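Asks: Okay, here's the structure, questions in a sec.
The values are calculated or read from the model by the stated rules, or taken from the named source; none is laboratory data. Source: prediction; values computed, not measured. Cβ: placed from backbone, ideal geometry, glycine included. Neighbour counts: every protein chain shown. Note: areas computed on protein heavy atoms with side chains; ligands, DNA, RNA excluded. Shrake-Rupley method; radii C 1.70, N 1.55, O 1.52, S 1.80 Å.
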Amino acid sequence: MIRIGIIGCGKIAQVRHLPEYATNPNARLVAYYDKNMDRAREVAARYGGTVYNSYFELLNDPGIDAVSICVENRAHAEIATAALYAGKHVLCEKPMAVTLGECESMVAAAEHNDRHLMIGHNMRFDPVHRRAKEMLDAGIIGDIITFRTVIGNAGPEGWSLDSNREDTWYFDKNKAAMGALSDLGIHKIDLLQYLTGQKVIEATAKVVTLQKRNDDGTPIDVDDNALCILRMSGGAMGTLAASWTIYAHHCNSTCFYGTKGNLLLYHDDEYPIIVRGLDGTSTSYTINTESTRSGVIDEFVDALVHGREPEVSGQEALATMRTIFACIESSEAGHTVGVNPSFVSHL
């Protein structure tokens with residue numbers, strides 16, 4: 001039985017971490033901390049366990065095996081590193097941290113303390129994407145030549161659990177550091193690398209604020225849109241679009257174009273997978289997606305139970321974070337930026 005502490009009891013904790021731990025037979029929720037103590041007490045009353053006055057106090061409790069970190073982006077590295085040095089395994093929400101140095105320090109802390117660090121990239125656990133991975137690995141469309149992926153919604157301003165909008169820190173650069181690219185686009189970067197089995201090695205991007213405004217009418221401090229061209233280590237190349245300004249209907253499609261056909265994911269509202277062959281045939285697949293579980297919490301718990309590295313380890317997540325920072329650098333500098341040089345193999 002893995003004894004779990006929750007640091008940050010806001011929306012992502014309440015819709016994903018708490019209910020999924022509570023229904024995992026190998027996990028037990030025992031500890032909570034949130035800057036909003038009333039919220040922490042409400043969560044503890046619902047799930048059972050102890051509320052702590054600080055995350056330091058929680059981490060110092062030897063009765064806690066692992067923690068989920070569900071706080072604002074800028075606090076990820078500080079809390080995760082402290083947890084790892086306190087001997088706790090860590091599941092940290094994305095983005096991993098707000099600088100590459102912080103990300104690397106988190107990985108080093110996990111290795112130094114022989115603890116597991118996992119980052120909450122959930123798209124690769126989607127059963128549609130799991131099936132697509134099998135199909136791509138089997139060569140259903142041959143070699144991938146190009147791809148395009150898009151993810152967008154109306155933005156985070158309506159996500160708060162509280163009437164005082166305490167959770168809406170996403171537009172505050174001092175807390176979030178980054179915007180739509182690190183909130184949404186990061187999912188697709190991890191997904192692309194997972195599905196293709198390749199790493200991003202070049203990024204050309206525009207990371208911009210086009211429309212979102214603060215209450216006083218000034219532009220928000222972080223990006224609300226990102227358009228990226230990505231080159232992969234195996235030769236594939238494609239585009240990624242991430243947006244907080246898709247107001248009519250959210251977007252979440254990924255399409256691969258190969259030497260033997262095309263694979264379209266979430267391109268059609270009825271069929272989540274469509275394969276189009278060179279002969280003009282088209283095959284549509286239905287996948288059971290009724291489960292509301294993200295797969296992230298179950299993977300983390302299973303890894304701890306069996307003493308193995310979780311699938312999205314801190315080391316695995318580094319390649320994704322390097323790409324995020326390369327896209328931001330490319331946008332600021334106005335030129336293509338190399339990334340993950342150790343994976344370059346086809347040039």
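Asks: Scan the stretch 9-28 for residues that are surrounded by 22 or more Cβ atoms within 10 Å (Cβ to Cβ) and among the aliphatic types (A, V, I, L, M) and jot them down.
Replies: ALA13, LEU18, ALA27
Asks: Specify which of the listed residues (GLY280, GLY185) is over 17 Å from the mean Cα position of the chain (by Cα) and not hydrophobic (A, V, I, L, M, F, W, C).
Replies: GLY280
Asks: Is one or more of the residues making up the stretch 213-233 small (Gly, Ala, Ser), in a strand (DSSP E or B) and over 20 Å from TYR285 (Cβ atoms)?
Replies: Yes, there is a match, as at least one residue in the stretch 213-233 is small (Gly, Ala, Ser), in a strand (DSSP E or B) and over 20 Å from TYR285 (Cβ atoms).
Asks: If you check LYS188 against the conditions, is it out of contact with any Gly (no Cβ under 7 Å at 6 or more places or on another chain), open to solvent by 20 Å² or more (accessible area, probe 1.4 Å) and not polar (S, T, N, Q)?
Replies: no
Asks: Let me ask something else about it. Which one is farthest from the chain's Cα centre (by Cα), of the residues in the stretch 83-101 that are surrounded by fewer than 18 Cβ atoms within 10 Å (Cβ to Cβ) and assigned to a helix (DSSP H, G or I)?
Replies: Once the filter is applied, the top-ranked residue is TYR85.
Asks: Hey, THR283 hits all of (1) of a type in the set (S, T, N, Q); (2) open to solvent by 10 Å² or more (accessible area, probe 1.4 Å); (3) assigned to a helix (DSSP H, G or I) but one; which does it fall short on?
Replies: (3)
Asks: Just checking, does the stretch 245-263 include any residue being open to solvent by 50 Å² or more (accessible area, probe 1.4 Å), farther than 25 Å from GLN193 by Cα and without any contact (Cβ under 8 Å) to a residue 40 or more places away in the chain?
Replies: yes
Asks: Taking the condition at pLDDT 95 or above, open to solvent by 20 Å² or more (accessible area, probe 1.4 Å) and part of a loop (DSSP other than H, G, I, E, B), does GLU299 pass?
Replies: Criteria not met by GLU299.
Asks: Say whether the condition of being part of a loop (DSSP other than H, G, I, E, B) and out of contact with any Asp or Glu (no Cβ under 7 Å at 6 or more places or on another chain) is met by at least one residue in the stretch 239-246.
Replies: yes
Asks: Would you tally the residues in the stretch 108-123 being surrounded by fewer than 20 Cβ atoms within 10 Å (Cβ to Cβ) and over 16 Å from ALA303 (Cα atoms)?
Replies: Final tally of qualifying residues: 3.
Asks: Let me ask something else about it. Taking the stretch 51-74, which residues are open to solvent by less than 20 Å² (accessible area, probe 1.4 Å), assigned to a helix (DSSP H, G or I) and closer than 20 Å to ASP38 by Cβ?
Replies: LEU58, the sole residue that qualifies.
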